[in-house]
Every structure is written in structure tokens, then in C-alpha cells.
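Okay, so here's the structure we're looking at.
The values are calculated or read from the model by the stated rules, or taken from the named source; none is laboratory data. Just so it is clear, the structure is predicted and the values come from calculations on it, not from any experiment. In case anyone asks, the SASA skips ligands and DNA or RNA and just uses the protein heavy atoms, side chains included. Shrake-Rupley method; radii C 1.70, N 1.55, O 1.52, S 1.80 Å.
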Amino acid sequence: MATAGLGKVERLLTAVTLFLVGGFIADGGLAALSWRGGVLGLVLFLLIRPAVAWAVQIGGKAAGKERAAIAFFGIRGVGSFFYLAYALGEAEFAAPACELWATVTFAVLLSVLLHGVAATPVTARLDRYAPDGPARKDKASMNRSPRDVPDSGCTAFAGFLVLGQDSRRWFRG
């Protein structure tokens, strides 16, 4: 019971963090993004994170398309803000802090947008072809709308931001 409550708290904190990130972006937070930071954000998002997520699954139960999807979606990028804040407090960097914040924000923004749009179709496609997936057990689930799909934390919030979904559904838990 306590674990379910922690999941709701985590989703709420993720939503608050992403709301603040949206404010940061609206206030010109990406103005300090250099071309190097943009390239680094793209490389982190498109190459490094998926490659690491793929590698850590070696010897795991996931295979093929499922493993690729897990590698693509990776872990939530919101934690990157906390790691950057800690790193900036502990060490000096050649790049200005505002450029580092812009780079991390850009990478997280890419993640929220792309993963928010792709999560529902990708998981529905995986379920459709999985021998024991939910779609096999319940053919009616193939005709669900995105609003009927259970929340998945950050993805639901991203859908709210990107697609204008009803936020009340997300906060009901």
C-alpha cells in the first residue's frame, strides 16, 4: 500500500519538476544553448542513453523489439537536473553553468516530447505482437483511445503538455 503512495508522490514531483522546467524554457532558459550543447544533447538522447540501456539488459529476460523499446525509452531524464545541480556544487567546469543547464534542459525536453508522443503507439505495437501481452488477452484493448491507457508517470504528463490531454485524469492516479 505504501509503495503505491510513493508512486503517486513520484509522479507528482515529476509533474512539478517538468512544470518548472517549462517555466524555465518559457523564460528563455534555452537561450544559452550553444551548437555544441545541442549536439551533445542529441548525442546523449539518441546514442549514449539508448546504448547504455541496451548494454545493461545483456543477460536479461527482454529480447528483440522489447529490448530495443526499453533501450529507446531508457530511464527518466528528470534526474539529470539533480545530478547537474550536485556536480555544479562540487566541481568547476570549462563551460558556463547556464550553458550546462540549457544542454541538460534541451536533452530532457527532447525526451519529454519524443517519448511522450511515442510511448503509447510503441507499447501498443509491442503488446499486439507479444504472445502473452495484454492485447492478446483482451482484444478490446486494441481499440482503446490514448485517454484510456493507464498512466506511466512522466509519459502521461508529457502527453498532457504535448497533446493537451485532460490533466485531471493524470492527477487522479
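Would you mind calculating the gained length between ILE25 and PHE82 on full extension (0.36 nm times residue separation, minus the Cα-Cα distance), in nm to one decimal?
Using 0.36 nm per residue and subtracting the Cα-Cα distance, I get 18.8 nm.
Protein chains only, probe 1.4 Å: how do THR120, THR105 rank by accessible area, largest first?
THR120, THR105
How large, in percent, is the carbon and sulfur part of the accessible surface of region 1-133 at a probe radius of 1.4 Å?
Here it works out to 72 percent.
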